[in-house]
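The values are calculated or read from the model by the stated rules, or taken from the named source; none is laboratory data. It should be emphasised that the depicted structure is a prediction, and the values quoted were computed from it without experimental measurement. Heads up, the Cβs are rebuilt from the backbone with ideal geometry, glycines too, and the neighbour counts pull from every protein chain shown. Only protein heavy atoms, including side chains, enter the accessible area calculation; ligands, DNA and RNA are left aside. Shrake-Rupley method; radii C 1.70, N 1.55, O 1.52, S 1.80 Å.
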Amino acid sequence: KGFDVVILSGGVSMGRFDYVPAILTALGVKEIFHKVKERPGKPLWFGKNKKGKPVFGLPGNPISTQVCLYRYVLPYLNRSVGLKEPRKEFVCLSENVEIKTNLTYFLPVKIKCQHDGRLMGAPVFFHNSGDYPCLSRTDGFVELPANTFHFPKGTVSRFYRWGL
């Protein structure tokens with residue numbers, strides 16, 4: 001009969017079989033934005049129907065889907081039902097990190113607690129957005145800002161923990 005939110009995964013990029021944006025437009029869903037300057041998750045699509053109900057089009061690759069879910073969809077859902085935003089967490093990178101993209105970069109990390117209580121994020125690099133098994137070795141991801149390519153050991157970054 002109706003919906004409060006629609007969450008789709010896959011078919012939102014620009015490939016030959018990525019029909020979701022065109023179908024949503026044909027159904028009267030107005031695109032608010034498509035593609036974001038981030039990696040992974042660049043093809044993210046967001047729009048609203050004629051009644052103002054949100055539609056999220058997540059990328060189809062597993063790591064991109066999970067990162068976009070935790071970075072955008074779950075915070076939206078929590079706010080929409082009146083839940084308090086979880087406490088922001090920050091971690092220090094446990095080693096130097098070099099990024100080869102000028103996009104915001106979401107880097108999976110394994111958390112280790114130092115003797116002084118600091119949380120250290122050990123980077124877990126993935127081969128591509130389909131390398132989902134690598135996430136099993138992580139606790140979440142850090143958000144590294146765009147247009148920065150070198151992050152020295154000890155850099156403090158926003159941390160998004162897997163799980164609710």
Checklist outcome for this item: Exactly one of Phe141, Phe46, Phe125 is more than 30 Å from Val6 (Cα to Cα) and touching a strand residue (DSSP E or B) at 6+ places or on another chain (Cβ under 8 Å), and that one is Phe125
Checklist outcome for this item: Per the filter on region 152-164, residues in a loop (DSSP other than H, G, I, E, B) and either open to solvent by 90 Å² or more (accessible area, probe 1.4 Å) or among the aliphatic types (A, V, I, L, M) (or both) are Lys153, Leu164
Next on the checklist: Restricting to region 92-151, count the residues that are open to solvent by less than 90 Å² (accessible area, probe 1.4 Å), of a type in the set (D, E, K, R), touching a residue at least 40 places away in the same chain (Cβ under 8 Å) and within 26 Å of Thr65 (Cβ to Cβ).
Outcome noted: 2
Next on the checklist: Take the residues in region 18-74 that are in contact with a Cys (Cβ under 6 Å, 6 or more places away or on another chain) and part of a loop (DSSP other than H, G, I, E, B); name whichever of them is nearest to Ala146 (Cα to Cα).
Outcome noted: Gly41
Checklist entry - Just for region 112-160: of the residues that are in contact with a helix residue (DSSP H, G or I) (Cβ under 8 Å, 6 or more places away or on another chain) and charged (D, E, K, R), which one is modelled with the highest pLDDT? => result Glu143
Checklist entry - Of the residues that sit in region 19-36 and are in contact with a strand residue (DSSP E or B) (Cβ under 7 Å, 6 or more places away or on another chain) and surrounded by fewer than 12 Cβ atoms within 10 Å (Cβ to Cβ), which one is nearest to Ser80 (Cα to Cα)? => result Ile32
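In region 107-151, which residue that is small (Gly, Ala, Ser) and not in a strand (DSSP E or B) is farthest from Val91 (Cα to Cα)?
The residue in question is Gly130.
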